[in-house]
Amino acid sequence: MPQTVTEGARAGAVDAPSAESSKRWWILAIIGIAQLMVVLDATIVNIALPSAQADLGFSDGNRQWIVTAYSLAFASLLLLGGRIADLFGRKPAFLVGVGGFALASVLGGASNSFGMLVTARALQGVFGALLAPAALSLLNTTFTEAKERAKAFSVYGMIAGAGGAVGLLLGGVLTDALDWRWTLYVNLVFAIVAFAGGWMLLGNHRDAANSKLDLPGTLLVSAGLFSVVYGFSNAETHDWGSPATWGFLLAGALLLTAFVWWQTRAKHPLLPMRVLLDRNRAASFIAVLVTGAGMFGVFLFLTYYLQLNLGFSPTKTGLAFLPMMAALMVMAQISTTILVPRFGPKTIIPAGFAIAALAMAWLSGIDMGSSFSTGVLPQLIVMGAGLGIVMPPAMQLATSGIAAEDAGVASATVNTMQQVGGSIGTALLNTLAASAATSYLVGKDPTDKLVRAQSTIESYTTAFWWSAGFFAAGAVIAFFLYRGGKPEQDLDAAPVVHM
């Protein structure tokens, strides 16, 4: 009889960790779905813009605000959203973020005017700023064992890196098969699954419950990030000498400087300096920023090239990015579970940046006679491999060893870097590409179709070269900032699991 009890106890001891581990992977699935919804919304509407413009009748000048309204609200409120998750609990932050994002998407899909659509996109950004850091901090506090954590972040990093391409594909399919409004309505499917799963699986824990919200810091950083993103967005429609561009950029720099000064004096800082001062973490934040800036050279200008020069449909354009996504998925697993644990980030992340830089330099060789199979496909696969090596481990190291009460704001900083990097990259690359096209047309007949087509090729290749430069700079910065050796799992600093 005692033997039977002992065996039962042993069986229970084995089953309990197994059930807990299974629950963790279900939580990863829910977090992944929610994160995919947020990330793909940065690009899914892009392909549908021409149809939405024709339906609602807004001008070319106003078209950019459909994208900018989302990025402005999202980027400027991310740190606030992350701190709210720390103060009031990650589960309510996650559920409110998912539910609000879904309702804003329905409002956007039902839009009957330009103003209504812009308002809906801004609301998506507001709730996305609450959802994204809550999702990443839940991942950070759920997976603390080194091997499981590496696998979880490889999946999350893969979603963050490939989400833009998924948005292009899904946007193309929905626009071609149904209507542009379904690029917004589709979020309901993601949201229902994420909300139901989050409600059933997530537990709530307020790791920073004894802290208070830093209102001065919130105002400074929100206004600063808004000004930076708005300034770079204006660079696309104004020139760099316009007060609407440099004025907001200068104001943003001053506000963010004041924010950093205040964080060193505030009793309950919004972004404690301990989050930023670790070398590997700071290097990872910069890596995410550079990757966000350079990736737009792929998604934005390659989308133009495939549709306008090679004649691809929206759906075919989205399918063209699938090989890149496949390479990114494979290398995401390999980099986080094998390469970085064995060789360390100082070797692997700069190597990933170098591979991405080579891919972009190679892609700059396209011309009027290039074909997709030889002029684009191999380069996309190499690019996917490079991004897969960089993104997941950078995101993992950016939140590794962070105290539980700082998990939300550290996660928000990762998302902020990616969003601000994307805004900087879009503005710079658009400006440089436009200048290249204008320079090419000097002394030539702009009414000649071949001349105009070649000018667009010049604009794309210029953007690709600059993207290569961003990635090359990322390789150098990562090499000098990351500490040598293998990353260590700091058991004392690792957050407690709260599910």
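The values are calculated or read from the model by the stated rules, or taken from the named source; none is laboratory data. Just so it is clear, the model here is predicted, and its values are computed rather than measured. Virtual Cβ from ideal backbone geometry, glycine too; neighbours counted across all protein chains shown. Keep in mind that these areas ignore ligands, DNA and RNA; they rest on the heavy atoms of the full protein, side chains included. Shrake-Rupley method; radii C 1.70, N 1.55, O 1.52, S 1.80 Å.
Before moving on, here are some points about what is shown:
- Sorted largest first, extent of the chain alpha carbons per principal axis (Å): 94, 47, 46
- Taking all pairs of distinct alpha-carbon atoms in region 313-410, Kirkwood radius in angstrom: 14.8
- The residue among Gly247, Ala235, Ile286 whose Cα reaches farthest toward the positive pole of the charge dipole of region 226-344, with charges on the beta-carbon of Lys, Arg, Asp and Glu, is Ile286.
- In a fully extended conformation the segment linking His268 and Ala282 would gain 2.9 nm over its present Cα-Cα distance, using 0.36 nm per residue.
- Additional length obtainable on full extension of the chain from Ala29 to Ala244, 0.36 nm per residue less Cα span: 73.2 nm
- Karplus (6.51, -1.76, 1.60) ³J(HN,Hα), θ = phi - 60°, over region 436-453, in Hz, Gly and Pro reported as x: 5, 5, 5, 4, 5, 6, 4, x, 10, 7, x, 8, 6, 4, 5, 5, 5, 5
- Axis angle, to the nearest 10 degrees, between helix 44-56 and the longest C-alpha principal axis of the chain: 50 degrees.
- Whole-percent carbon and sulfur share, accessible surface of the chain, 1.4 Å: 68
- The long axis of helix 90-109 is offset from the longest Cα principal axis of the chain by roughly 30 degrees.
- When all alpha carbon pairs of region 56-130 are counted in 10 Å bins from zero, the resulting P(r) reads 22, 45, 24, 8, 1 %.
- Total lysine pairs in the chain at Cα distances under 18 Å, for residues eight or more apart or on different chains: 7.
- For region 262-334, convex hull of alpha carbons as volume per residue, Å³: 140
- Over region 204-334, the pair-distance histogram of Cα-Cα distances with 10 Å bins from zero comes to 10, 23, 28, 24, 13, 2 percent, rounded to whole numbers.
- Rounded accessible area per residue of region 318-449, 1.4 Å, Å²: 34
- For Trp465 and Asn112, the difference between the fully extended length at 0.36 nm per residue and the C-alpha to C-alpha distance is 123.0 nm.
- For region 351-357, putting each phi into the Karplus relation 6.51 cos²θ - 1.76 cosθ + 1.60 with θ = phi - 60° gives couplings of 5, x, 4, 5, 5, 5, 5 Hz, in residue order, rounded to whole numbers and with x for Gly and Pro.
- Global size of region 216-280: 13.9, 41 Å for Rg and Dmax (C-alpha atoms, Rg to one decimal, Dmax whole).
- Charge dipole (the chain, unit charges on Cβ, about Cα centre) - positive-most of Trp180, Gln396, Leu170: Gln396
- Net charge dipole size for the chain [Lys, Arg +1 and Asp, Glu -1 on Cβ; Debye, nearest 20]: 640
- Principal-axis analysis of the Cα atoms of the chain puts helix 2-40 at an angle of about 20° to the longest axis.
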